[in-house]
Amino acid sequence: MFRPNILLARAIFPEAVAKLRQHFDVEENPEDAEHGFEALSARLKGKQGLLCTAGEPITAALLDAHPQLKAVCLMTVGYNNVDVPACTARGVLATNAPGVLTETTADLGFALMMATARRMSEAERFLRSGQWTKWRYDLLTGSDVHGATLGILGMGRIGQAIARRGAFGFGMKVIYHNRSRLPESDETPLGARYVDKATLLRESDHLVLVLPYSASSRHAIGAAELAQMKPTATLTNVARGGIVDDAALAVALRERRIAAAGLDVFEGEPAVHPALLELPNVVLLPHIGSATEATRRAMVGCAVDNLVAALTGGVPPTPVNPEVLPLRLG
Ligand code: DGY
């Protein structure tokens, strides 16, 4: 019986590898080395399936070099690294891991927004460096989260989960902007108000970015947008690097055109714009939005389920391009 070959682009949990070995011959990457096009392409030779992250560029050129490849399964929800039309045109199934990380990422997004508003990283650095000598009326004063206006750009699953935390837990007024307005049945319980982008920028006390990355969302927040925000406002990005123009943000933070920022993602990460590293009023995290043990296991599990189904005649649970399924099954 034909036993498919698969490539694990990066390291994953050992029990997930064991599950894949029940069905496939598996080439692993236990050192978790990152491979550029040439090395990735060399490793993909003769593989029918690829399990990867949002870090490996899945391009038309890569697909053309590997016509035997049938499925590319991501352990992340974001798939802006995958040329989906190129996959579809070649009958390659692409899958992602939606749903399983929504609440965990919303927890981190809300926590980062709070840490930013209440200057928690700055306060800890102050304490650790021995500068804390007395209580003082204006020591490290930040801005309130409860009762403030929470602005959300990108009201998908994660955006709505952050809105719930704000509305129900902290009595925040929720405003949002999105490609399409939510149905009234979703807006009403949150008391959420749909506004245009200019109003969102103008009225938000705490603006959280949760929109997917695409060519059109690149630098959706740049100098012009930052200039429209309140000087007391905070900006939090848990979506993707590149949605914010990091250089423009560093200028706005240095000149106190906005109060503070919380960033979990960066353009060109893991490199961080050097100007951001110099500033006190920005909380910087190394892309840990979905990083809990349980959620990372669920994300990998989702990719494994998709890959097993895709290559053994099953129905993959979360396809990105379901239109290739009839071709594949037919
Ligand atoms: C995703 O799933 O796209 C996240 O950015 C990874 O945490």
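The values are calculated or read from the model by the stated rules, or taken from the named source; none is laboratory data. Bear in mind the structure is a predicted one, so any value in this text is a computation, not a measurement. Positions of Cβ are backbone-derived with ideal geometry, glycine not excepted, and every protein chain shown enters the neighbour counts. The accessibility values were calculated without ligands, DNA or RNA, using every heavy atom of the protein model including side chains. Shrake-Rupley method; radii C 1.70, N 1.55, O 1.52, S 1.80 Å.
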Query raised in the report: Under a no-solvent Debye model with one identical scatterer per Cα of the chain, what's log10 I(q)/I(0) at q = 0.07, 0.11, 0.13 Å⁻¹?
Result: -0.33, -0.76, -0.99
Query raised in the report: How much of the accessible area of the chain, probe 1.4 Å, is carbon plus sulfur, in whole percent?
Result: 57
Query - Heavy-atom accessible area order for Arg21, Arg296, Arg165, largest first, 1.4 Å probe - result: Arg21, Arg296, Arg165
Report summary line: Mean accessible area per residue over the range 107-169 (1.4 angstrom probe, all protein chains present, square angstrom) is 56
Report summary line: Most packed first (mean Cβ within 10 Å per residue), the peptides 95-105, 251-261, 216-226 order as 95-105, 251-261, 216-226
Query raised in the report: Cα-based Rg of the range 102-284 per 2.2 N^0.38 Å, rounded to two decimals?
Result: 1.00
Requested in this report: Quickly rank 239-249, 124-134 as a protection proxy: mean count of other C-beta atoms within 10 Å, highest first.
Outcome: 239-249, 124-134
Report task. Could you tally up the Lys pairs in the chain with alpha carbons closer than 20 Å? Skip any pair fewer than 8 positions apart unless they're on separate chains. Result -> 7
Report task. Might you work out the accessible area of Phe13 for me, using a 1.4 Å probe with all protein chains in place, and round it to the nearest 10 Å²? Result -> 50
Query raised in the report: Packing-wise, with mean Cβ within 10 Å as the measure, how do 280-289, 71-80 rank, highest first?
Result: 71-80, 280-289
Query raised in the report: Semi-axes of the range 63-140's equivalent ellipsoid from the Cα gyration tensor, sqrt of 5 times each eigenvalue, largest first, rounded to whole Å?
Result: 48, 13, 9
Query raised in the report: Per-residue ellipticity at 222 nm for the chain, helices alone: DSSP H runs ≥ 4 residues times -39500 (n - 2.57), over residue total, nearest 500 deg cm²/dmol?
Result: -10000 deg cm²/dmol
**Report entry** Accessible area expressed per residue, the range 288-330, with surrounding protein chains retained (probe 1.4 Å, Å²)
**Finding:** 45
Requested in this report: Express the relative contact order of the range 102-284 as a whole percentage, based on alpha carbon pairs under 8 Å and six or more residues apart in sequence.
Outcome: 22
**Report entry** Those residues of the range 7-49 whose amide nitrogen sits under 19 Å from the label point placed on Arg90, 7 Å along Cα→Cβ
**Finding:** 7-10, 27, 35-49
Report summary line: Residue ranges of DSSP H helices in the chain that stretch 15 Å or more (Cα, own long axis) and have mean Kyte-Doolittle hydropathy of at least 0.5 are 102-117, 293-311
